[in-house]
Amino acid sequence: MPGERESLRVLFLTRSYPTRTAPVVAPFTRDHYRAASLFAEVAVLHAQKTRDPLPWQIEKEDEAVRVRFRRQPFPGILRALPELPFRPDLVHGHFYDAAGPTLLLARRLGVPFVLTEHSTLARPLTRLERCAFREAARVMPVSRMLQRSLESSGVEARYEVVPNVVDLDSFSPAPHPPRPVKRLVAITRMTEIKGVPDLLEALRLLLDRRRDWTCDLIGGGERGDDYRALASRLGLDQVVFRGERRRPEVAAALREADLFVLASRAETFSVATVEALACGLPAVVTACGGPEELVGPDSGVIVPREDPAALAEALDRTLADLERFRPEEIAKRVAGRFSAEVVGRQLLEIYEETKKAAGAT
């Protein structure tokens, strides 16, 4: 049962983690922390690069010990160890830029380590990082698509997919009666890779088919002003840019919506999609990686990426047939795969196998 503590002490080591001033940075890392914390003692060490002239600074914030470093993270990480509540039995690194420090710390402590990868590689791995992936007891990509991407990059590892977690306390269905004007919602970053221009072009084409809809675009990003200008040129008065929003506001927007749309060109998982499904929303998504592992015939439609015409046609068809979707069933299937308890138990099994194997050597 959740809440029963095992004799396992796990240290999360990550370069990306939410802070009070940046709460929307890598919230899925905190969700993994909360899932693991149901079954083990877990501490978080967040190594964050800064331009501060001091070599490093150490402070505590919520569940995390934060090390702010200027050049190299590892000396600061070592200095932060006395601030942790325990000596870990196992180190769990998150993101490839923490793989090297995770390996070095595990060697220094004489404990095993595992890695979770949330993203595709934005640069070639260093020799130390490749060694870390190779030596990790498990490397846990959050989707099969991401595992294939890592393998195609020649990253040798013992892989096991462990997905992201959906926060069911925040994201749950709130059914409402049919209404004449349907509400679409997109949760996305305002960047090229997220396919926002494709989405706006698809919405322009949708106007030729029907006008009984509005669309909220939620998310920040450096191209926000450009995309607002594009929406204006396209005559998309029904589209409202809401900017970056915290989790409770995102959940409220999803519960009020009728349909979720994702136009990304690449996704390793798509937390936004699984959060929408947890609210019982059907989803129209692009075949961009992770979403194909989330959306099925009973929960939405998958269309080719970078194809506004196909996206517009799917939106039109789905809006005309919303009654066929069952919000409670959509949400139930998501909970059975991505709840904190389900993912936490998967992590616990990996932790226990790792600790047992290390003790046998």
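The values are calculated or read from the model by the stated rules, or taken from the named source; none is laboratory data. Note that the structure is predicted; figures quoted are calculated from it, not measured. Don't worry about glycine lacking a Cβ; one is built from the backbone with ideal geometry, like all the others, and counts go over all protein chains shown. Accessible surface is based on the protein model in full, side chains and every heavy atom, while ligands, DNA and RNA are left aside. Shrake-Rupley method; radii C 1.70, N 1.55, O 1.52, S 1.80 Å.
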- Given labels modelled 7 Å from the Cα in the Cβ direction, how far is it in nm from Arg333 to Glu249? 3.2 nm
- Theoretical ellipticity at 222 nm over the chain - DSSP helices of four or more residues, -39500 (n - 2.57) apiece, nearest 500: -11000 deg cm²/dmol
- Message: What is the ratio of the Cα radius of gyration of the range 211-270 to 2.2 N^0.38 Å, with N the residue count, to two decimals?
- Response: 1.20
- Message: Accessible area of the chain with a 1.4 Å probe: how many percent of it is carbon plus sulfur?
- Response: 49 percent
- Query: Counting Lys and Arg as +1 and Asp and Glu as -1, what is the net charge of the other residues whose Cβ lies under 14 Å from the Cβ of Glu59?
  - Reply: 0
- Task: Skip the ligands, DNA and RNA, and give the accessible area per residue of the chain with a 1.4 Å probe, whole Å².
- Result: 44 Å²
- Task: Kyte-Doolittle cut-off -0.5, length cut-off 27 Å along the helix's own axis using Cα: show which whole DSSP H helices in the chain pass.
- Result: 340-360
- Förster radius 51 Å - calculated FRET efficiency between Leu234 and Glu160, Cβ distance, rounded to 0.05: 0.70
- Once the in-chain neighbours fewer than 8 apart are removed, the lysines whose Cα is under 25 Å from Lys194 read Lys182
- What nm value, rounded to one decimal, do you get for the distance between Gln57 and Arg127 when each label is placed 7 Å out toward the C-beta? 3.5 nm
- Which labelled figure in [x] 19.3; [y] 18.3; [z] 21.3 is mean projected area of the Cα convex hull in nm², once derived from the coordinates: [y]
- Tell me, what is the FRET efficiency for Val181 and Arg223 to the nearest 0.05, using R0 = 30 angstrom and their Cβ-Cβ distance as r? 0.60
- Query: Considering only the chain, what is the antiparallel percent among its DSSP beta bridges, to the nearest 5?
  - Reply: 10 percent
- Task: Give me the net charge of Arg247's neighbourhood, meaning all other residues with Cβ under 13 Å from the Cβ of Arg247; Lys, Arg count +1, Asp, Glu -1.
- Result: -1
- Task: Could you pull out every one of the lysines with an alpha carbon less than 25 Å from that of Lys49, ignoring same-chain neighbours closer than 8 positions?
- Result: Lys60
- Item | Theoretical gain in end-to-end length, Arg345 to Val24 [0.36 nm per residue, Cα-Cα removed] | 113.0 nm
- Item | Inter-probe distance in nm under a simple model that places probes 7 Å from Cα toward Cβ, at Ser153 and Ser170 | 2.6 nm
